[in-house]
Amino acid sequence: METIVLKKERDTMDAFEKLLKALGEMGQEEKECIFSKMKSECTCPDCPSYNQCAGDKKELLYCFHGRSPECIQEELGCVCPDCPVAAENELVNLYYCTSGSEKEMRARK
């Protein structure tokens, strides 16, 4: 008799995966509240890569919303490792402003 071994789904999710799951179950108003809190903690404006264009357009939370559509073209330094949003949500990537969101980058791996 042949034994079939099924790959077990990971038992644990990191904080980012848990947040994504929770956001998927929330209504729009609740999501906006979560993102508003994260924006208040976001350190993107302190980053060397963040520029006047990004500030004028009030771009924030690249880690969740994806790369800058037109403002940030150069990687001049990254403060993501020191960002409370990244730390709290166990984000593992850098340069979201030019590379895309955490979700996008994890999907590429």
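The values are calculated or read from the model by the stated rules, or taken from the named source; none is laboratory data. These figures come from a predicted structure and were not determined experimentally. Note: ideal-geometry Cβ built from the backbone for every residue, glycine included; neighbour counts use all protein chains shown. These area figures cover heavy atoms from the full protein model, side chains too; ligands, DNA and RNA do not enter into them. Shrake-Rupley method; radii C 1.70, N 1.55, O 1.52, S 1.80 Å.
Assorted remarks:
- In the range 68-109, of all residues being among the small types (Gly, Ala, Ser) and within 9 Å of the chain's Cα centre (by Cα), the one that is nearest to residue 13 (Cα to Cα) corresponds to 86.
- The residues in the range 90-109 that are in a loop (DSSP other than H, G, I, E, B) and at pLDDT below 95 can be counted, and the count is 1.
- Residue match in the range 28-40 (condition: outside any helix (DSSP H, G or I), modelled with pLDDT of 95 or more and open to solvent by less than 40 Å² (accessible area, probe 1.4 Å)): no
- Checking each residue in the range 21-55 for being closer than 12 Å to residue 68 by Cβ and of a type outside the set (S, T, N, Q) picks out 44, 47, 50, 53, 54, 55.
- Within the range 70-89, the set of residues being part of a loop (DSSP other than H, G, I, E, B) and under 14 Å from residue 50 (Cβ atoms) comprises 70, 71, 72, 73, 74, 75, 76, 77, 78, 79, 83.
- Some residue of the range 15-25 being farther than 21 Å from residue 103 by Cα and either modelled with pLDDT under 95 or within 18 Å of the chain's Cα centre (by Cα) (or both): no
- In the range 62-98, the residues that are touching a helix residue (DSSP H, G or I) at 6+ places or on another chain (Cβ under 6 Å), among the aliphatic types (A, V, I, L, M) and either free of Cβ contacts under 8 Å to residues at least 60 places away in the same chain or surrounded by fewer than 17 Cβ atoms within 10 Å (Cβ to Cβ) (or both): 72, 79, 85, 86, 94
- Of all residues making up the range 45-69, the number that are aromatic (Phe, Trp, Tyr) and not in a helix (DSSP H, G or I): 1
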